[in-house]
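A short reminder: the numbers here are calculations on the coordinates, not readings from a lab. These figures come from a predicted structure and were not determined experimentally. Every residue, glycine as well, gets a Cβ built from its backbone with ideal geometry; the counts of neighbours run over all protein chains shown.
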């Protein structure tokens, strides 16, 4: 055994040092890109959507009121016409970016916590092109934007059930540990039902991609930065 081989072996046998700051962090589990599936970590990730540019055109007949097998009454016709006046807010079948919510701002309160910048996680070469295409689409739809924030949470590439396509997620577990919970009185279902007992009409609305229509607070949006 020559000197170079002995030196190499001593380096391999020597235990690596663990940074004390890292050892105090919450446990983070790393997987190879090809071994990570959505079901494994679905409770800990924020999933970024895949947006198309448009949906099917909406017609007035798509507004369903009452029993579809029973002709509409005069009052039901007027109700459908009233909804049709706001057809610019309606979306057809598909998965496109919905209109932004007005007068609603999302705020993340981390108090005086110091910024956390986590390292970038490796992505398998076979998924890098798909990842690049997803990010370009999110930038084009203005769901995300470039950032130089001191906060940085890692992206996580997970494989869809077909074993081929990928989904882009963000691991916000470290940020969630610092976030202060908002104290907000939630109404009881029984109270809501009592308030509706005298209602004549009931309306059910299916909101598309609700999490992506709320604007982030300008300062707090830096907390959601990714790498």
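Quick notes
- Segment residue 145-residue 121, length gained on full extension (0.36 nm per residue, minus Cα span): 6.7 nm
- FRET efficiency for residue 186 and residue 106, using Cβ-Cβ distance with R0 set to 25 Å, rounded to 0.05: 0.90
- When each of the peptides 178-189, 64-75 is scored by how many other beta carbons lie within 10 Å of its residues on average, the order from highest to lowest is 64-75, 178-189.
- Annotation for residue 194 and residue 73: the two label points, set 7 Å from Cα along the Cα-Cβ direction, are 2.9 nm apart.
- Residue separation of residue 133 and residue 202 scaled by 0.36 nm, minus their Cα-Cα distance, works out to 20.6 nm of gained length.
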